[in-house]
1. Can you compute the charge dipole magnitude of the stretch 71-113 about its Cα centre, using +1 on each Lys and Arg Cβ and -1 on each Asp and Glu Cβ, nothing else charged? Give it in debye, rounded to the nearest 20.
2. Grab the beta carbon distance between Arg110 and Tyr15, set R0 = 45 Å, and tell me the FRET efficiency rounded to 0.05.
3. Springs between alpha-carbon atoms under 10 Å, Gaussian network over the chain: tell me which of Gly97, Gly111, Gly14 tops the mean-square fluctuations.
4. What does the C-alpha gyration tensor say about the overall shape of the chain? Classify as rounded when a/c is under 1.5, otherwise prolate if a/b is larger than b/c, or oblate.
5. Report the residue, chosen from His48, His112, His24, that carries the largest GNM mean-square fluctuation when the chain is represented by alpha-carbon nodes joined by springs under 10 Å.
6. Along the positive direction of the dipole of the chain (beta-carbon charges: Lys, Arg +1; Asp, Glu -1; about the Cα centre), which of Ser128, Ala26, Val108 reaches farthest?
7. What angle, in degrees between 0 and 90 and rounded to the nearest 10, separates the Cα long axis of helix 2-25 from the longest principal axis of the Cα atoms of the chain?
8. Given a cut-off of under 8 Å on Cα pairs at least six residues apart, what relative contact order in percent is computed for the chain?
Amino acid sequence: MFRGFLVKTISFVGYTVQYGCIAHCAFEYVGEFVSCSGPSMEPTITNHDVVFSERVSRNLCRIQKGDIVIAKSPFDPKMNICKRVMGLEGDKVCTSGPSDIFKTHTYVPRGHVWLEGDNLRNSTDSRSYGPIPYALIRGRVCLKMWPPHSFGVLAESPNDGRIL
């Protein structure tokens, strides 16, 4: 009786570890579901929307201008941010806010990207903390999963729908 219990327990632990490893690899290399909070990406992504962030594009260095990405915050590595890529390395980007009279520009350094929220007046982004290293990008948002009425593919639209 004890032997049967021991075999079942060891088998259960083995399957749990096996499926845990599969889940870890899926979340680390394929993608993950992310709940977004805050107004910085409105109207594209609103507070408490759930999106799917795929990691294949990031791992293959296929992030492009206009893509929405999930990245580690440059201020707090425990926090993720959701922003739109507005500039890649070598691009000239505007560093001014939407209400600034005098516009200033800079170039995105090698190995970095320039991120901005779609809601420019209510977004802490690269205009505040500068370009972020490409390595901080966790994945590219490709699907809006929740709420159900807004389910669908997020198309590339770097200027459409932005609140200035």
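No lab work stands behind these numbers, since they all come straight from the coordinates. Computed from a predicted structure; not experimentally measured. Glycine also receives a Cβ, built like all others from the backbone with ideal geometry; neighbour counts cover every protein chain displayed.
1. About 120 debye.
2. Numbers: r = 46 Å, r/R0 = 1.02.
Using R0 = 45 Å, I get an efficiency of 0.45.
3. Maximum fluctuation in the GNM of the chain, among the listed residues, is at Gly14.
4. Because a/c hits 1.5 or more and a/b exceeds b/c, the chain counts as prolate.
5. Of His48, His112, His24, the Gaussian network model singles out His24 as fluctuating most.
6. Ala26
7. The two axes meet at around 20 degrees.
8. Working: 314 pairs, mean separation 39.7, N = 164.
Relative contact order comes out at 24 percent.
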